[in-house]
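To keep things clear, I will list the structure first and then write my remarks on it.
The values are calculated or read from the model by the stated rules, or taken from the named source; none is laboratory data. These figures come from a predicted structure and were not determined experimentally. As a convention, Cβ positions derive from the backbone with ideal geometry for all residues, glycine included, and neighbour counts pool all protein chains shown. SASA here: full protein model, heavy atoms, side chains in, ligands and nucleic acids out. Shrake-Rupley method; radii C 1.70, N 1.55, O 1.52, S 1.80 Å.
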Amino acid sequence: MLKFIHFSDSHLGCTDLDATNDSGLNIREYDFYDAFSQSVDIIIEEKPDFVLHTGDLFHRASPSNRSLIFAAKELQRITSAGIPVYIIAGNHDYPKTVNTAPIHELLLMNKNLKIYFDEQYSVTEEPGFKLHVLPHINNDEKFKAATDEISVSGKNGKPEILAMHLSLGTYLMQELGERVFPPEKCSILKEFDYVAMGHWHQFRKMEKYGNVWYAGSTERTSASQTGNPMGVVRVIIDGGRTTAELLPVKLREWHVFNVAKCAEKEPVAILSELSERIESDAAGVTADKIFHIALHDIGSFRPVTDSDIEKLFPGALYVQVRAFKADSSGRLVADEEKTDLKGSLSEVLSKEFSLNGELEKASEIINKLWEKIESEESDANNQH
Ligand SMILES: [Mn+2]
């Protein structure tokens, strides 16, 4: 019998939601660390034969010192318990250009850890199993060639395990640089005892492809991932039969409330609908939780103010309100009024600066800053 833990997409160093603690540190960054620590606790408790992480250990190719130190210490906790660790690079933590060296190399200082970041398909023969890995590969042709090389020839009774970080079928993350497994190659997946998948942030068996599982992430990187348990996957291969089970970690509560047809509802009705959802979905407790509220089908104006809504959520870590109205084709679009930050800014400016000369000068400075921010943002997105 072979027992191992498969986990993935821990995105260490990810910051989110602009909520800081008393020391000024991003609270969500610590949620990612906490989920990872809980995963390590489960691993040590489970005493598996080994651990396999299928990429995006870090959120960025150049992780912060804090996330790097954290990862090194936590991985050390696993290997010190006598559990070998295997990791592959993902699209988030593998650099997009040769100007940045892969941070993965630093983790090789831990001798009980094998980490694959060589943009190649390779097979590692271990006493109890054969591990095939396909870490993230930037170059299209190189990626295609590597997938063509995948084979399970020479089966010798040992479980054959394949680890990859990419999309399969329609399970796309819609990210720059993400890889999609070639559809014509999918039949090979059925030959493996287990295919450990990273990239898709939800635990899922890809039944039609064979023994193929996405471990999912250990924390949610967006509101669309709420409502699904997350954690590590316990895999058991025994007598040619594979079973995989999610062992969940405890995450901060994150609720998404949709209110439909707001134009037809009185403000008080919208607020009481939200109160009911707090009772039914959040057990009446809002403290330290995250809430995303979407007001659909609003008319010309927002039916209720953000501050009226926020009053319903005392002590919440974060309350985000978004309003949507139908465009001419009936499709819901984000309320322009709220999203046009530049427009709101010039409105504020024109109120603040009554003299024309002042306003022009201020606008000029703001526009310059704006251009700078936008170009920096697009740089940052391209590195994603
Ligand atoms: Mn990911």
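Identify all residues within region 123-143 that are within 14 Å of His165 (Cα to Cα) and surrounded by fewer than 18 Cβ atoms within 10 Å (Cβ to Cβ); write none if there are none.
If the condition is that a residue be within 14 Å of His165 (Cα to Cα) and surrounded by fewer than 18 Cβ atoms within 10 Å (Cβ to Cβ), then Asn138 is the only one that fits.
Could you check region 20-51 and list, in sequence order, the residues that are open to solvent by less than 10 Å² (accessible area, probe 1.4 Å), touching a helix residue (DSSP H, G or I) at 6+ places or on another chain (Cβ under 7 Å) and not in a helix (DSSP H, G or I)?
Val51
From the set of residues in region 182-209 that are under 22 Å from Ile87 (Cα atoms), part of a loop (DSSP other than H, G, I, E, B) and open to solvent by less than 30 Å² (accessible area, probe 1.4 Å), which is farthest from the ligand (Cβ to nearest atom)?
Restricting to residues being under 22 Å from Ile87 (Cα atoms), part of a loop (DSSP other than H, G, I, E, B) and open to solvent by less than 30 Å² (accessible area, probe 1.4 Å), the top hit is Asp193.
Which pairs turn up if I take residues in region 241-263 that are hydroxyl-bearing (Ser, Thr, Tyr) and look for partners that are surrounded by 17 or more Cβ atoms within 10 Å (Cβ to Cβ) with beta carbon separation below 7 Å, at least 6 apart in sequence or on another chain?
From residues that are hydroxyl-bearing (Ser, Thr, Tyr), the pairs are Thr242/Asp193; Thr242/Tyr194; Thr242/Asn211; Thr242/Val235.
Within region 145-172, take every residue that is small (Gly, Ala, Ser) and within 16 Å of the ligand (Cβ to nearest atom) and give me the one that is surrounded by the most Cβ atoms within 10 Å (Cβ to Cβ).
It comes out as Ala163.
Which of the following residues is within 16 Å of the ligand (Cβ to nearest atom) and more than 25 Å from Pro182 (Cβ to Cβ): Ile87, Ile78, Ile103?
None of the other options fit; the residue is Ile103.
Which condition number does Asp16 fail, the rest of (1) touching a residue at least 60 places away in the same chain (Cβ under 8 Å); (2) open to solvent by less than 20 Å² (accessible area, probe 1.4 Å); (3) within 16 Å of the ligand (Cβ to nearest atom); (4) not hydroxyl-bearing (Ser, Thr, Tyr) being met?
The one condition Asp16 does not meet is (2).
For region 52-75, give me each residue that is within 16 Å of the ligand (Cβ to nearest atom) and part of a helix (DSSP H, G or I).
Ser67, Ala71
How many residues does region 82-105 hold that are exposed (fewer than 14 other Cβ atoms within 10 Å of the Cβ) and not hydroxyl-bearing (Ser, Thr, Tyr)?
So the answer is 5.
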